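To start, the structure under review is shown below, and the notes come after it.
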């Protein structure tokens, strides 16, 4: 079997002292930062990204994956203990998790989240290993027009899943695409939209943008909500090990969450967010007896936590095989690969198999560390959370600033951070989700390049986008997605699902 | 006349304004043709699209009720932005340790109930902690002290 040989290659890469150390460090730092209230995986990955620049590509990606899982779990911890989700993907965890904490069962809630995440992560790693190679093989045959349409499809997916107004979300994507074009045009060498600022010649710093929108702007928005009481349940943590009854009750929920999350994670715009919402909604309908949901039912923690970890994992598939990010975190990963001098896409699998399989293997190792680290260290995270926000927010700002500065060791990036923080705050006030903007930023230059090549080949005939069967299929899928939310029935369902 | 959906209205105006600006700036570059796209081609498409989206938000906002504009809180906004800018300036001239302390002090002004002792303690702690973590443990090259590199 190929798969076993491949995984063996991967574990050979991942299981070295250096890589294990960085994987561990990534999970630890990711959890440490992710546990800070209001800081989700995107901000955490952006903040810690520069730490990986000096590493070799495989080690860097392994550490980043560790950071991502750690941050995700850190967000769940905040959701359960303080009722503040680090990111939208742990919103549903607050519903039953926080209730469990109020009933003095914070320990088992955190425990089942860790165990469920581990099981889901292990399964999803296998899914990635099984499905990536065939997908990459198909993707190698993609023409520029197909890629362009695939990206349109991906962006439409992100738009459909953004909360709030559809038109605002599309606007965010377009704005992101435009921001992505700032800098030197690769084809003509013309400096576009740089306004004579030399620091912009290489384009907008996507870490500064992500940090501004997801880190600093969040801090500003949180600061104005002072006076709102945060109740932290730290005294009655109890044992983190769920009882046998808890495990028995949650077994099927974890299985369902894992399956659902693995599938939904692959979809563009999907990933952890969609997976956790869908898992909770389905769990409420399927689980028997259903009466306890919303009042601290352990299945209401187990299912979405399993689903969001599985989804986080499988969202690596489109990133690794197509070079198309399905969520903002993956957009950051693509940025990280490009900084390492690797153009993400199907060729990575054939040209750098050790890198690809090393990442896959380290996914599983990362999940193992997560379990090993969090069960004993939960007490530490809890004490960190008990600190008041007035002490935490300056720390968050310091980490954001260090993260942005260390990308280029250039203070001018910090002024980009100021500008994007102000923009982020303005967008929060106008009800615009920032996630589609980040995807647009990363995809902007690629979309332009693919469109340029597609039209060059077709001698300027735009119908090439609909005459290639693959491209047509992507565009039709995108149109169907858009139409689906224009239809009132599904639209109200979407609002209902995203509101909860 | 009354704007019925201020949130959509102003968001749409912002989009339209950015769209027009993009079209104007892109106008200085070569447009090219579809087969040989110049540097202005793709930005012009996007700028036009954003302008159009702006209209689809702004015009209906005049007639259809919607969300009000959320209140802006200037104190946290300005103090936090200022603290980041101060960090950037201080880092270039005074080194990392001073920059962290300055950031903490300025950011603390975002909170109306200021506690000077606590802030000073936090500034020192975060400076020491981040030097230990980033420079000591992770080996990130940062200019630590004034004039040094």
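Note on region A:429-462 and region A:62-96: Cα centroid distance 30 Å, given to the nearest whole angstrom.
Assuming 1.306 mPa s and 10 °C, estimate D for chain A with Stokes-Einstein, Rh taken as the Kirkwood radius over Cα pairs, in µm²/s. Walk me through the numbers before you get to the answer.
Working: Rh = 22.7 Å.
Estimated via Stokes-Einstein, D reaches 70 µm²/s.
Length available on full extension from residue A:426 to residue A:410: 0.36 nm per residue minus the Cα-Cα distance, which gives 3.2 nm.
For chain B, what is the relative contact order in percent, using Cα pairs closer than 8 Å and at least 6 residues apart in sequence?
Averaging sequence separation for qualifying contacts and normalising by length gives 22 percent for chain B.
Full extension of the chain between residue A:202 and residue A:225 yields a length gain of 4.5 nm, computed as 0.36 nm times the residue separation minus the alpha carbon distance. Stokes-Einstein, applied to the Kirkwood radius of region A:38-99 over Cα pairs at a viscosity of 0.692 mPa s and 37 °C, places its translational diffusion at 272 µm² s⁻¹. Taking only the C-alpha atoms of region B:6-61, Rg followed by Dmax gives 12.9, 42 Å. For the Cα atoms of chain B, what angle does the longest principal axis make with the long axis of helix B:74-94, in degrees from 0 to 90, nearest 10? The helix B:74-94 is inclined about 60 degrees to chain B. In this rough spin-label picture, where each label sits 7 Å from Cα along the Cβ direction, the residue A:251-residue A:195 distance is 6.2 nm.
Along Cα→Cβ, 7 Å out, is where each label goes; now give me the distance between the ones at residue A:137 and residue B:128 in nm to one decimal. Going from the residue A:137 label point to the residue B:128 one covers 6.0 nm. Evaluate the distance, in nm, between pseudo-label points positioned 7 Å from the Cα of residue A:126 and of residue B:62 along their respective Cα→Cβ axes. My value for the distance between the label points is 6.1 nm.
The residue B:52 and residue A:239 beta-carbon pair, evaluated with R₀ = 56 Å, returns a calculated FRET efficiency of approximately 0.45. Calculated on the Cα set of region B:74-137, radius of gyration then Dmax: 11.9, 38 Å.
Rounded to the nearest 10 degrees, the angle from helix A:106-139 to the longest Cα principal axis of chain A is 20 degrees.
Computed from Cα atoms, the angle from the helix A:166-180 axis to the main principal axis of chain A rounds to 60 degrees. Stretched out straight at 0.36 nm per residue, the stretch from residue A:480 to residue A:463 would grow longer than its current Cα-Cα span by 4.2 nm.
All of the numbers you see were taken from the coordinates with simple rules; none came from a lab. Small disclaimer: the values here were computed from a predicted structure and weren't measured. As a convention, Cβ positions derive from the backbone with ideal geometry for all residues, glycine included, and neighbour counts pool all protein chains shown.
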